[in-house]
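What follows is a single structure, written as structure tokens, with notes after it.
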Amino acid sequence: MSLTESELHFAYKFANTSINSFPFPHLYLQDVFPDSFYSHIQKNLPAHNFLTSMPELYPDQHGYRNYKDRYVMDFNKDESINKIEKKKQDFWRAIRKTFIKGEVANLLRSKFQYYLNMRFKLISDVKFDVEMLLINDKKNYSLGPHTDHPRKVISLLLYLPKDLSQKEDGTSIYIAKDPDFISSQKEYGHFNKDLFHKVITMPFIPNSAFCFIKTNNSFHGVEKLEVEDTDRWLLLFDIFLDKDTFLREEQAKAKIT
């Protein structure tokens, strides 16, 4: 099956999946790609040693120092793709073209347009950047409840396990125990799970996906991975505000506070 047919399959599944509103707008879907294409993804997953830990790949970003158990291939860095096995590079470059240069970002924004309109009432001429990572999480990786960086707009996590054995390792959604927690927290951060109720964990099963829009209560995270030989594969596609738009948004919000 061609990549174009797989794109249409994904677009159909995504566009026709309902958005869940509680506790923040999100959706979860299965059979994201045709089975034959998903098998092709599995065959082209690189060997773990060709990926780079986040602290090593982004030495200047101090926030990644605690992500030593998360290994990535950054689609925005040619040297990152060039590091994997040569016979697999063309496949992932085609994926990059589809997601970063194709219509995926438009599809995601269209799906959450109602919520984007609510967010961007104070500014116009909104412009976006995109980020895409192939990720392999290893034992001991975890991620405390957080809402994502203020520049974040939408996140799409495509789950890529080989079987059902990692079903419990998906992204968890949380709500704060203290009803005043959000208003009292002025800075973005990762928080202790004891401050939250876990609402649900998305099933980390083959060919599934979790997608959400960043809000002030979009608390999500990953429970600690305990299995010795964990390989938690996923494809992360993020939409951000570009830096100029984010600055204008922050300035507009400051004027009304």
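The values are calculated or read from the model by the stated rules, or taken from the named source; none is laboratory data. A quick note: this is a predicted structure, and the numbers were derived from the prediction, not measured. Cβ coordinates were reconstructed from backbone atoms using ideal geometry, including for glycine residues, and neighbour counts include every protein chain displayed.
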- Query: Of the conditions (1) surrounded by fewer than 15 Cβ atoms within 10 Å (Cβ to Cβ); (2) within 19 Å of Lys214 (Cα to Cα); (3) at pLDDT below 95, Val104 fails just one. Which one is it?
  - Reply: (1)
- Item | First in segment 26-39 and within 12 Å of Ala11 (Cα to Cα) and free of Cβ contacts under 8 Å to residues at least 60 places away in the same chain, second anywhere and surrounded by fewer than 19 Cβ atoms within 10 Å (Cβ to Cβ) and of a type in the set (A, V, I, L, M, F, W, C), Cβ under 7 Å, 6 or more apart | Pro34/Met1
- Query: Given Ser18, Ser36, which one is assigned to a loop (DSSP other than H, G, I, E, B) and hydroxyl-bearing (Ser, Thr, Tyr)?
  - Reply: Ser18
- Which numbered condition Asn207 misses (of (1) at pLDDT below 95; (2) at positive phi): (1)
- Message: Checking the conditions here, which among Pro55, Pro59 is in contact with a Lys or Arg (Cβ under 6 Å, 6 or more places away or on another chain) and either closer than 16 Å to Leu235 by Cα or surrounded by fewer than 17 Cβ atoms within 10 Å (Cβ to Cβ) (or both)?
- Response: Pro55
- Message: Considering only segment 91-100, I want to know if a residue exists there that is part of a loop (DSSP other than H, G, I, E, B) and either in contact with a Lys or Arg (Cβ under 7 Å, 6 or more places away or on another chain) or surrounded by 16 or more Cβ atoms within 10 Å (Cβ to Cβ) (or both).
- Response: no
- Task: Could you tell me which residue of segment 215-251 is surrounded by the most Cβ atoms within 10 Å (Cβ to Cβ), considering only residues that are under 22 Å from Met202 (Cβ atoms) and among the polar types (S, T, N, Q)?
- Result: Ser218
- Among (1) in a helix (DSSP H, G or I); (2) farther than 24 Å from Asp231 by Cβ; (3) within 19 Å of the chain's Cα centre (by Cα); (4) modelled with pLDDT of 95 or more, the one test that Tyr114 misses: (3)
- Item | Selected residue (criterion: nearest to Arg109 (Cα to Cα)) from residues of segment 13-56 that are within 20 Å of the chain's Cα centre (by Cα) and of a type in the set (Phe, Trp, Tyr) | Phe14
- Does segment 121-131 include one or more residues that are within 13 Å of the chain's Cα centre (by Cα) and surrounded by fewer than 20 Cβ atoms within 10 Å (Cβ to Cβ)? yes
- Residue list for segment 218-250, restricted to those being among the aromatic types (Phe, Trp, Tyr) and either closer than 20 Å to Met54 by Cβ or not in a loop (DSSP other than H, G, I, E, B) (or both): Trp233, Phe237, Phe240, Phe246
